[in-house]
Each structure stands twice: as structure tokens, then as C-alpha cells.
Amino acid sequence: MRTGDEYVLKSGRRVAVRTVVDGTGDLTVVICHPAPGSSAFDPEPEQTFARGVTLLSVDRPGYGGSEPMPDDQWTSVSCAADDLAQVLDDRQTGPVGLAGWSAGGRVAMALAAHRPDLVERLAVIATPAPDEEVPWVPPEQRAALEALRGRPPGEVYAELADQLRPLLPADPHAPRSLAALGAGPADAEALSGGGRDRLGRMLAAAYAQGVTGLAADIAGYCLQPWGFEPAGVQTKTLLLYGSQDPVAGSRHGRWWQQHLPDARLEMVPGAGHLLMIPLWKRVLSHLAPHCKR
């Protein structure tokens with residue numbers, strides 16, 4: 001796994017860009033990471049290698065090596081998509097295969113809606129539908145977030161960070177840490193064969209700046225508009241959802257299928273929220289159907 005490169009956006013803010021795998025072909029596959037998460041993640045290295053694709057990822061603000069948003073500016077789904085677009089434009093990658101896992105699926109869809117020229121195919125894995133459409137945020141958390149609405153972004157980031165800091169795990173590989181990713185009893189396959197170690201490394205990088213990235217992410221997708229309409233996502237899309245996912249199950253997958261113009265929903269029997277790992281081969285078969293090392 002390669003180390004990351006620093007990229008300076010037009011705004012002057014720095015983001016960390018990681019070429020996770022150098023491929024042998026022309027196609028780049030981009031992963032939009034979950035929350036918490038980081039660019040330090042290859043879901044299943046053997047499958048990535050077999051396809052010969054270049055695997056790229058970018059840390060969202062406050063995660064890994066990416067600079068946090070200034071206190072006077074909101075982070076948002078749309079902002080993260082625009083950051084990624086700048087990176088792809090600068091690298092001249094051509095249209096990419098784009099995968100968004102959980103919270104990252106919103107960023108992936110926003111990029112596909114804003115810049116269809118950059119996205120050849122799209123995979124959305126276990127991404128919750130809007131809470132107002134398919135409720136999934138616990139009521140006590142929803143009430144706490146509503147109490148923050150209307151306050152300046154810096155105050156919101158600080159308040160959320162204070163709430164999240166006690167949850168910061170000492171060991172990113174521990175079950176408590178993985179639970180923050182939505183890991184549950186149905187994820188035994190995902191955690192076997194090196195999956196736990198890969199997720200732990202991703203989380204270790206995610207928390208390099210403490211809970212800064214997670215606090216900003218939650219503020220951005222819970223208190224700010226997402227900045228895209230599902231109808232604007234014209235890209236051929238694969239939706240993957242686990243039947244035993246405690247975070248984003250079948251109702252979420254069906255909602256996106258009904259609202260995205262060109263989406264195929266595949267429900268995976270017995271799978272949980274970490275299905276990105278055991279289903280990576282299926283994701284790549286959609287994003288890079290003609291690629292093979």
C-alpha cells in the first residue's frame with residue numbers, strides 16, 4: 001500500500017490523496033470512505049490485484065492527512081465531492097469507477113450528479129437513505145443534532161467533538177472500534193482473512209487527528225443539505241445492501257433504487273454493514289467489467 005500524497009485545493013486547503021494500488025491498466029477505481037474512515041483501505045487486495053485497476057482514495061476534511069475545514073465554513077457532502085473532482089481533474093484520470101461505502105456513498109452520488117464526465121460507473125454500498133425518508137438516526141441523537149442547528153459551524157464542530165471524544169478507541173482493531181463502522185454478528189466473514197486488520201489500519205488513519213473528521217462529517221451530512229438530487233445521478237449504478245445490516249438494510253436499498261434513474265439493487269442474504277469486504281469482487285465486476293491483470 002503506497003503512502004499518500006498531499007494535494008492543495010484551489011481554496012488553499014490541503015487534502016491527502018492515496019494511491020492505494022498502482023494498476024496495470026488505464027482504469028482508476030476510487031473509494032469514498034465511510035464515517036469514520038480514511039483512504040488507507042483496500043477492501044480485498046487479491047481481488048483488486050486480479051483486476052489490475054489503480055485504486056485511489058481521498059481523505060475527507062479532518063480525517064487522515066487532510067486539513068480540517070476552517071471554523072467559519074461548513075463541510076458537506078457536496079464539498080467533499082467537489083474536493084474529489086478537483087483531484088481527479090488535476091490527475092486527468094479520465095472517467096473512473098466510483099465506489100461509496102456507507103457515508104461515502106453520498107459523496108459518490110454527489111460527484112456523479114455534479115460531474116458525470118468523471119464517473120463511468122457507480123457502486124453504492126450500504127448507504128443510508130435520507131433520515132427524513134427512511135428514519136435511521138436514533139431519536140436521542142436526532143434531538144441532540146437538532147439542538148445544534150443554526151449555530152456557527154465552528155461551535156458545532158467543537159460540540160460534536162466533545163461528545164465523540166470519549167468514544168475514541170485506544171485500539172482501532174478492537175470490537176468497540178469496529179462497532180463504530182456498524183459491525184455486527186452478520187459480519188464474521190468480513191472480519192476474517194485479514195479484514196479486521198485492514199479495517200483497523202483504516203480506522204487508525206481516520207483518527208490521526210482525533211475525532212475531528214468524524215465530527216465534521218456528522219455535521220455535514222446531518223445539518224447541511226447534501227447538495228444533489230437522486231434524479232441527477234444518471235450513472236449506471238449498482239446498489240449493494242445486506243439483509244442483516246443494522247444500519248442500512250433493505251428499506252434503504254429500495255429507497256435508492258426507486259429514486260436513482262439507472263440503479264440495480266442486489267440484496268445480499270445474511271450480510272451486514274461491512275459487506276464492502278466480501279462483496280468487493282462483485283463491486284469490481286460492475287466498476288471494471290473489462291479489466292483483468
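Let a ≥ b ≥ c be the square roots of the eigenvalues of the Cα gyration tensor of the stretch 1-86; is it rounded (a/c under 1.5), or, if not, prolate (a/b larger than b/c) or oblate? It comes out prolate by the Cα gyration axes. Remark: the stretch 44-86 carries a charge dipole of roughly 220 debye about the Cα centre, counting +1 on each Lys and Arg Cβ and -1 on each Asp and Glu Cβ. The charge dipole of the stretch 141-263, taken about its Cα centre with unit charges on the Cβ of Lys, Arg, Asp and Glu (plus for the first two, minus for the last two), comes to roughly 80 debye. Quotient of the Cα radius of gyration of the stretch 128-277 and 2.2 N^0.38 Å, N being its number of residues: 1.13. Between the residues L199, L9, G52, the greatest Cα displacement towards the positive end of the dipole of the chain, with unit charges on the Cβ of Lys, Arg, Asp and Glu, is found for G52. Note on the stretch 106-149: dipole from Cβ charges, positive end direction compared against H114, V137, A126; the farthest Cα belongs to H114. Taking a straight Cα-Cα cut-off under 24 Å and skipping sequence neighbours fewer than 8 places away in the same chain, the lysines within cross-link reach of K292 are K236, K281. Spatially, the stretch 1-41 and the stretch 152-207 are offset by 19 Å when compared through their Cα centroids. Positive end of the dipole of the stretch 147-293, charges at C-beta (+1 Lys, Arg; -1 Asp, Glu), about the Cα centre: which of A271, C222, A208 has its Cα farthest in that direction? Going by the Cα projections, it comes out as A271. A P(r) calculated from all alpha carbon pairs of the chain, with 5 Å bins opening at zero, reads 1, 6, 13, 18, 21, 19, 14, 7, 2, 0, 0 percent.
Sorting F41, F49 by accessible area (1.4 Å probe), largest first, what list results? Mind dumping the intermediate values first?
Working: F41 10, F49 120 Å².
The residues order as F49, F41, largest area first.
On full extension, the segment bounded by E146 and S11 gains 45.6 nm, given 0.36 nm per residue less the C-alpha separation. Anyone know which of S39, S192, S76 comes out most mobile in the 10 Å Cα GNM of the chain? Checking each option, the largest mean-square fluctuation is seen for S192. The trypsin sites (Lys or Arg not before Pro) found in the stretch 118-160 that occupy coil by DSSP, while having at most 15 further C-beta atoms within 10 Å, are R149.
The values are calculated or read from the model by the stated rules, or taken from the named source; none is laboratory data. Source: prediction; values computed, not measured. Glycine gets a Cβ as well: all are built from the backbone with ideal geometry, and neighbour counts include every protein chain shown. Areas reflect the complete protein model, heavy atoms only, side chains present, ligands, DNA and RNA absent. Shrake-Rupley method; radii C 1.70, N 1.55, O 1.52, S 1.80 Å.
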